[in-house]
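Engineer: Quick one: the structure is below, questions incoming.
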Amino acid sequence: MAEKQLLLEVVTPDRMVLSTEADVVVCPGVEGQFGVLVGHIPFLSALDIGEMYYKAGGKTEYLAVSGGFAEVTGAKVTIVAEAAELGHMIDIERAKRARERAEKRLAAGKTADIDWIRAEAALRRSLVRAKVAGR
Ligand code: ATP
């Protein structure tokens, strides 16, 4: 059975978050969610801020990812993310504080475009982290 599995690696600038076998990997692509099974054609996609998951041995594990790229080559899926956390790595209180900060900035109204975009992205990261931590 081993040859029918994918090797999934999730790396960030700080660390190797995960290296595991998986039956299927589902990622938040910038153009929508996509799934990878063994035999997928070579493929590269930019990732959005979102939830990704993989299934292995009947179990599903979720991660929060904060943008980056997914590369599929042969039976290997490499996720190079700006940040990525499995549920147990997520500090829920920290995500809550990040959410509150971002909401405050957004509620203050639109000042500079760049601040607005940053605050929106921070809000989305915090919401995805809360969702993944709650699974
Ligand atoms: P914060 O404002 O709390 O730092 P952030 O969204 O700005 O949140 P990022 O820049 O996306 O944080 O991530 C910086 C580093 O901190 C990454 O290594 C990321 O995995 C980690 N990180 C961010 N938020 C959390 C969290 N709630 N729990 C655990 N790790 C986190």
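All of the numbers you see were taken from the coordinates with simple rules; none came from a lab. As the structure is a prediction and not an experimental result, all values here were calculated from the model. In this analysis, Cβ positions are derived from the backbone assuming ideal geometry, glycine residues included, and neighbour counts consider all displayed protein chains.
Engineer: I need the phi-derived Karplus couplings for the range 51-59: 6.51 cos²θ - 1.76 cosθ + 1.60, θ = phi - 60°, integer Hz, Gly and Pro marked x.
Structural biologist: So the Karplus estimates, Gly and Pro as x, are 9, 10, 8, 9, 10, 8, x, x, 9 Hz.
Engineer: At a Förster distance of 41 Å, what's the computed FRET efficiency of Lys4 paired with Ala121, Cβ-Cβ distance as r, to 0.05?
Structural biologist: 0.65
Engineer: Still on this structure: What is the dipole size for the range 53-135, taken about its Cα centre, with +1 at each Lys and Arg Cβ and -1 at each Asp and Glu Cβ, in debye to the nearest 20?
Structural biologist: Magnitude of the dipole: close to 260 debye.
Engineer: Something else: Once you list every other residue whose beta carbon is under 15 Å from the beta carbon of Ile114, what net charge do they have if Lys and Arg are +1 and Asp and Glu are -1?
Structural biologist: 0
Engineer: Let me know the shape class of the chain, please: from the alpha-carbon gyration tensor, a ≥ b ≥ c as square roots of the eigenvalues, rounded when a/c is under 1.5, otherwise prolate if a/b is greater than b/c, or oblate.
Structural biologist: prolate
Engineer: Would you please name the trypsin sites (Lys or Arg not before Pro) within the range 89-134 that are DSSP coil residues with at most 11 other C-beta atoms within 10 Å of their C-beta?
Structural biologist: Lys110
Engineer: What longest region of the chain stays clear of GluC sites (Glu not before Pro) that DSSP places outside H, G, I, E and B and that have at most 16 other Cβ atoms within 10 Å? Walk me through the intermediate numbers first.
Structural biologist: Working: sites that count: Glu31, Glu82.
By the stated rule (loop sites, at most 16 other Cβ atoms within 10 Å), 83-135.
Engineer: What's the angle, to the nearest 10 degrees (0 to 90), between helix 92-107's Cα axis and the longest principal axis of the chain?
Structural biologist: 50
Engineer: Still on this structure, please answer the following. Tell me, how many Å apart are the Cα centres for the range 77-114 and for the range 3-27?
Structural biologist: First find each Cα centre; the distance between them is then 23 Å.
Engineer: Taking the 0 to 90 degree range and rounding to the nearest ten, how far is the long axis of helix 113-133 tilted relative to the main principal axis of the chain, both from C-alpha atoms?
Structural biologist: 50
Engineer: From the phi of every residue in the range 71-87, what ³J(HN,Hα) in whole Hz does the Karplus formula 6.51 cos²θ - 1.76 cosθ + 1.60 yield, where θ is phi - 60° and glycine or proline is x?
Structural biologist: Running phi through 6.51 cos²θ - 1.76 cosθ + 1.60 with θ = phi - 60° gives 10, 10, 9, x, 9, 10, 10, 10, 9, 10, 10, 5, 8, 7, 9, 6, x Hz.
Engineer: Per residue of the chain, what 222 nm ellipticity follows from adding -39500 (n - 2.57) for every DSSP H run with n ≥ 4, rounded to the nearest 500?
Structural biologist: -9500 deg cm²/dmol
Engineer: Something else now. Report the one residue of Ile117, Leu127, Ala102 whose Cα lies farthest in the direction of the positive end of the charge dipole of the range 91-133 (charges on C-beta: Lys and Arg +1, Asp and Glu -1; origin at the Cα centre).
Structural biologist: Of the listed residues, the answer is Leu127.
Engineer: Do any trypsin sites (Lys or Arg not before Pro) in the range 1-87 lie in a DSSP loop with no more than 14 other beta carbon atoms within 10 Å, and if so, which?
Structural biologist: Passing both the DSSP loop test and the Cβ count: Arg15.
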